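One structure below.
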Amino acid sequence: MLKVNRLCTEYRDERGNAIRAAHEVSFDVPPGKLFTLLGPSGCGKTTTLRSIAGLERPRSGEITVGNETIYSSASGVFVPPNRRGLGMVFQSYAIWPHMTVFQNAAFPLQVGKRRLPRQQVEDRVLRVLKVVALDDMAEREATKLSGGQQQRLALARALVMEPPLLLLDEPLSNLDAKLRERMRFELKRLQRELGITTVYVTHDQSEALALSHSIAVMNRGVIQQVGTPREIYERPGNQFVADFIGSTNFLHATVKGPEANGFYRVSSEVGELKVHAVEGLEAGAKVVVSIRPEDIRLSERRPQEGNVLYGTVDTKVFLGESVDFQVKVGERPLLSRAHPSLRTQVGHPIYLSMDPEKCVALRETAEWTPTE
Amino acid sequence: MSTSTGITTITASRVAEFARPRFDLKWLIIGLCVALTVYLGVVPLGFLLWQSFFTPQSAAKAAEFTLRNYTEAYAAARTWVLFWNSIQFAIGTAVLAFVLGTLLAWMNERTNTPFKSLFFALSIIPLIIPGILFTVAWILLGSPKIGLINLALQRVFDTQTVFFNVYSMWGMIWVDALHYSPMAFLLMTAAFRSMDPALEESAVMSGANVLQVVAKVTLPLVWPAIFATLLILFVRAIESFEVPALLGLPVGIQVFTSAIYQAVHRYPSQIGLASAYAVTLLAITTLGIYFQSRLSTRGNKYATMTGKGFRPRLIDLGKWRYLTVAIFLAYFFLIVVLPFAVLLWSSLQKFYSVPSMEALSRLTLEPYRTIIGYPSLARSVWNSLLLSLGTATLVMLVTSVICWIVVKTKLPGRWLLDNIASLPMVFPGIVLGLAIMILYLYLPIGVYGTIWILLIAYVTRFLPYGLRYNTTSMLQIHKELEESAAMSGASWATTFRRVILPLLKPGLLAGWIYIVIVSIRELSSSILLYSPGTEVVSILIWELWENGQYVELSALGVMFILALFVLVLIAQLVGKRFGIKEA
């Protein structure tokens, strides 16, 4: 449905230097799917979205929607945003304060290439307002809406044209936490029901994991990994992805030798481990092993299988649904998330066990800097 | 349109389905507005400079390059007198207006002087009493022969001494400084407001008294604002025309503005000489404005100016507050009550006579009847209305586009456009009038002698004001509001009409009303550009003065002031609603 091919976009800072915002970005979004661009601020995700929208002029590459090329540097095509016919929800919602709810939603039907007769405009606007549950507020001034309602109005305005592609730029970031959670479900239900192809931009990994069919993690203008939420979480492609999505323990290690089925034996800071790797690793290679806190099981009695380590409880943080344990294995602290029923005291010894499947070996990335 | 439409349309038209030839309104509108602004801002200036270096063109002889205008102007001892007069007048006015304005601003912002709500009136007085009426009123008050102040003092002291002669350098400074003091008040109020009072309070806590606080803390901190205010007052004073023309010329005190007027109105008119004077004056004002804007930007960076919501603890003046309130009431009397009262009195007399019981019995509405039946009144009111409404509308629309380019786009050279549109700020009214007069005397496009030349002058003169009002509003429009319209399929022109302009409305309206008011009172450019049939109200007042028809002038003046008062009240209401909406 949407095809982005080797897209490069630059912009100029105050001193006129070109800043590479998106570099060689390529991805495909199949019809009806929700695709998320995820990354820290300044990673190029918004620039990529705005290039698809036509609000930013790329330097090179190609973008097609359906069968229509909307941008191509090779053949010199740049369709201006107002003739791309895409729906977009902005971070600030960009609800026009001088119009009513109805006027806001009707605007796209009154200004575009094909203008509809009055009756049809009314029908379609009311239909789309019903979809977002704003039909009883049609005559209200747009400024009188709450944050969540404005967000839904922005969505209605983007949908009213029945666009082939919906672009969402951090649509939930301006809502408070509770409402954000609710709108997340709402948005997912709506997208799945309407089956509209969607590109979603966010810096919030839990949002991305909850909503997406597939996710592209971006950093410094470059896509780091594309995959389903589960793949991204369980099989991070590199150190950046592992660190950015969720929290993780990184252990430096050296490969000793391969075992069957993509498993390897490594010698790490805390001892010998059996780990999994997607790519082939040669003996002697330097790697980092990423282990999620919830994949480290704690027990007071020695477990039977998996990688087993022995340590002392250093600190505990009670979080309600879980307890975070900081366990020291030798001098190396490891974070583990355990069930609140585990009551081992600080200073007491404890066993750690890890499924080799969940210990992911990654090549060290030189220019990677950890996120806070 | 094929070459100048820009890349957007060219590349877009290559896509098959958009292949139909499109006439892109966007670049047409932008092109027209930019061309108009550049034309208005640059061409008259260029022509003025050119003219000052050439001999007059006549049917027999083409214009030739010459430095004679300058050598003649500067060889004459008269010119140096002129220069000295102008500087003396401008500095005197700036200092006196500054002292008055600062005293009032300090009383209003930092002390517990009673009747403070009256201070609000200070901000609107300069708008409702045009310079020419203020000057005429002060002639009626301070002339040596008929001035009421002299007559009253002479009666009290039973002498024939002339106590106050408005026809003198000091008289000119006095009247002009009074006229500009509300401006000083407003500028200094802003300076006081942006200064953190904790700095003063800590001086009080250290044991300083009021005078020490003012001298050691307050003044040093507001110094950049003080200097900027003095500079802008100096520029305004050296540009002012009404006071030097009405008070200085009868006794032979010439400054640049009145000398330009005289050089043009002499027979044969000496346009070359006038241009030489105008270029000199322009150089002075440009320097002044340049340093003033430099200072203001520096002042903003001044560390103590935090500028956010604090209400200073007011200094308790104790019984001294009776003195401050007396100062304030006296000032209010001098600037509003006396001038208006004297105009009102004179407008109710058949022939001008000083107030007495006898004159009181002869009150009549005769002047009002005369002026309403005056042959050119209806025409000049109509001209003034047409011009002010037309100017305001045109300026606000053109500057909204200019401002959009400057604020919302990243077009290279947009800062230049901003500066060109602000350029007319440095033009004294009479210099602009002269430049435009010369330009359309040479350009045979049938503008000279029509009302259009006045429209061109007004639009040029008030372009910077429109730009400022629009910029304030434009900065508050989030760029996503525009982008969402584009994503909805709206073209640039549609977006501008249906999203930008409605969102700009408060600023547009406030700026529009302001420009209506200032163009209705415009005199110093019009005086060189009007011709029989295109008089405006301020010109009519000027002519009545020249004809000695004082009572009719007063009647017209009273009605004019009342009309402006109503307009300003409307503007204040609009401004208030705007403010509430933005908060």
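The values are calculated or read from the model by the stated rules, or taken from the named source; none is laboratory data. Just so we're clear, the structure is a prediction, and the values are computed from it rather than from any experiment. Methodologically, a virtual Cβ is constructed for each residue, glycine included, from the backbone with ideal geometry; neighbour enumeration extends over all protein chains shown.
When each of A:Gly54, A:Gly32 is tested for being buried (at least 22 other Cβ atoms within 10 Å of the Cβ), of a type outside the set (Phe, Trp, Tyr), at positive phi and in contact with a strand residue (DSSP E or B) (Cβ under 8 Å, 6 or more places away or on another chain), the lone residue that passes is A:Gly54.
Residue count for region A:92-101 under the criterion of being closer than 17 Å to A:Leu166 by Cα and facing another protein chain (nearest Cβ under 7 Å): the result is 2. Looking only at residues in region A:247-261 that are without any contact (Cβ under 8 Å) to a residue 60 or more places away in the chain and assigned to a loop (DSSP other than H, G, I, E, B), the one that is nearest to A:Leu281 (Cα to Cα) is A:Glu259. Every listed requirement among (1) within 24 Å of B:Leu501 (Cβ to Cβ); (2) at pLDDT 90 or above; (3) surrounded by fewer than 23 Cβ atoms within 10 Å (Cβ to Cβ); (4) facing chain B (nearest Cβ under 10 Å) is met by A:Asn104 save one, (3).
Just one of (1) within 28 Å of A:Leu126 (Cα to Cα); (2) without any contact (Cβ under 8 Å) to a residue 40 or more places away in the chain; (3) away from chain B (no Cβ under 14 Å) fails for A:Thr228. It is (1).
Any chance region B:367-387 includes a residue that's aliphatic (A, V, I, L, M), touching a residue at least 12 places away in the same chain (Cβ under 8 Å), under 30 Å from B:Asp418 (Cβ atoms) and assigned by TED's automatic domain parsing to the domain that holds B:Met474? Yes, region B:367-387 contains a residue that is aliphatic (A, V, I, L, M), touching a residue at least 12 places away in the same chain (Cβ under 8 Å), under 30 Å from B:Asp418 (Cβ atoms) and assigned by TED's automatic domain parsing to the domain that holds B:Met474. The residue pairs whose first member lies in region A:202-222 and is within 20 Å of A:Arg180 (Cα to Cα), whose second member is among the acidic types (Asp, Glu) and surrounded by fewer than 16 Cβ atoms within 10 Å (Cβ to Cβ), and whose beta carbons are closer than 6 Å, counting only pairs six or more residues apart or on different chains, do not exist in this structure.
To keep it simple, each residue is scored yes or no on (1) in contact with a Gly (Cβ under 7 Å, 6 or more places away or on another chain); (2) acidic (Asp, Glu); (3) within 11 Å of another protein chain (Cβ to nearest Cβ).
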residue: A:Arg57; (1), (2), (3): no, no, yes
residue: A:Ser60; (1), (2), (3): no, no, no
residue: A:Thr69; (1), (2), (3): no, no, yes
residue: A:Pro80; (1), (2), (3): yes, no, yes
residue: A:Phe90; (1), (2), (3): no, no, yes
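Which numbered condition in (1) of a type outside the set (A, V, I, L, M); (2) surrounded by 19 or more Cβ atoms within 10 Å (Cβ to Cβ); (3) part of a helix (DSSP H, G or I) is the only one that B:Thr113 fails? Among (1) of a type outside the set (A, V, I, L, M); (2) surrounded by 19 or more Cβ atoms within 10 Å (Cβ to Cβ); (3) part of a helix (DSSP H, G or I), B:Thr113 violates only (3). For region B:396-434, residues that are in a loop (DSSP other than H, G, I, E, B) and modelled with pLDDT of 90 or more total 1. In this structure, is B:Tyr440 more than 30 Å from A:Val160 (Cα to Cα) and either free of Cβ contacts under 8 Å to residues at least 40 places away in the same chain or within 14 Å of chain A (Cβ to nearest Cβ) (or both)? So B:Tyr440 fits the description; yes. Residues of region A:153-171 that are buried (at least 24 other Cβ atoms within 10 Å of the Cβ) and either aromatic (Phe, Trp, Tyr) or assigned to a loop (DSSP other than H, G, I, E, B) (or both): A:Pro171 alone. Taken together, the criteria place B:Ser524 among residues that are away from every other protein chain (no Cβ under 12 Å) and in contact with a Leu (Cβ under 9 Å, 6 or more places away or on another chain). Put simply, of B:Ser58, B:Ser4 the only residue that is out of contact with any Ser or Thr (no Cβ under 9 Å at 6 or more places or on another chain), under 27 Å from B:Trp452 (Cα atoms) and modelled with pLDDT under 85 is B:Ser58. Residues of region B:499-516 that are facing another protein chain (nearest Cβ under 7 Å) and either surrounded by fewer than 23 Cβ atoms within 10 Å (Cβ to Cβ) or of a type in the set (Gly, Ala, Ser) (or both): B:Pro502, B:Leu503. Cβ-Cβ under 9 Å, sequence separation 6+ or interchain: first residue in region A:55-68 and under 18 Å from B:Ala486 (Cα atoms), partner charged (D, E, K, R) and assigned to a strand (DSSP E or B). Which pairs? That search, which allows pairs on different chains as well, returns A:Pro58/A:Glu10; A:Val65/A:Lys3.
Consider region A:1-21 and keep the residues that are over 17 Å from A:Thr198 (Cβ atoms) and at pLDDT 90 or above. The one that is surrounded by the fewest Cβ atoms within 10 Å (Cβ to Cβ) is A:Arg6. The set of residues in region A:332-359 being assigned to a strand (DSSP E or B) and among the charged types (D, E, K, R) consists of A:Arg332, A:Arg337. Within region B:161-181, not a single residue is of a type in the set (Phe, Trp, Tyr), modelled with pLDDT under 90, within 19 Å of B:Leu329 (Cβ to Cβ) and part of a helix (DSSP H, G or I). Among the residues here, A:Leu109 does not qualify as touching a residue at least 12 places away in the same chain (Cβ under 8 Å), facing another protein chain (nearest Cβ under 8 Å) and aliphatic (A, V, I, L, M).
The set of residues in region B:362-385 being within 13 Å of B:Ile451 (Cβ to Cβ) and touching a helix residue (DSSP H, G or I) at 6+ places or on another chain (Cβ under 7 Å) consists of B:Ser380, B:Asn383, B:Ser384.
Going by what's in this entry, would B:Pro428 be described as away from chain A (no Cβ under 14 Å), within 23 Å of B:Ala237 (Cα to Cα), of a type outside the set (A, V, I, L, M, F, W, C) and in contact (Cβ under 8 Å) with a residue 60 or more places away in the chain? Answer is yes for this residue.
Just give me the residues in region B:435-458 being in a helix (DSSP H, G or I), under 21 Å from B:Ser380 (Cα atoms) and of a type in the set (Phe, Trp, Tyr), in sequence order. Once the filter is applied, which keeps residues that are in a helix (DSSP H, G or I), under 21 Å from B:Ser380 (Cα atoms) and of a type in the set (Phe, Trp, Tyr), region B:435-458 yields B:Trp452, B:Tyr458. For B:Ser473, are the conditions met, namely being assigned to a helix (DSSP H, G or I) and within 14 Å of chain A (Cβ to nearest Cβ)? When the stated conditions are applied, B:Ser473 passes them.
Please determine whether any residue of region A:40-52 is more than 18 Å from the chain's Cα centre (by Cα) and within 10 Å of another protein chain (Cβ to nearest Cβ). Taking every residue of region A:40-52 in turn, none turns out to be more than 18 Å from the chain's Cα centre (by Cα) and within 10 Å of another protein chain (Cβ to nearest Cβ). When region A:134-187 is limited to residues that are farther than 18 Å from A:Ser92 by Cα and touching a residue at least 40 places away in the same chain (Cβ under 8 Å), the one that is nearest to the other protein chains (Cβ to nearest Cβ) turns out to be A:Met161.
Just to verify a result, which residue in region B:312-357, among those that are under 20 Å from B:Leu211 (Cβ atoms) and among the small types (Gly, Ala, Ser), is surrounded by the fewest Cβ atoms within 10 Å (Cβ to Cβ)? Across region B:312-357, the extreme among qualifying residues is B:Gly318.
Evaluated against (1) part of a helix (DSSP H, G or I); (2) without any contact (Cβ under 8 Å) to a residue 12 or more places away in the chain, B:Lys145 falls short on exactly one condition, (1).
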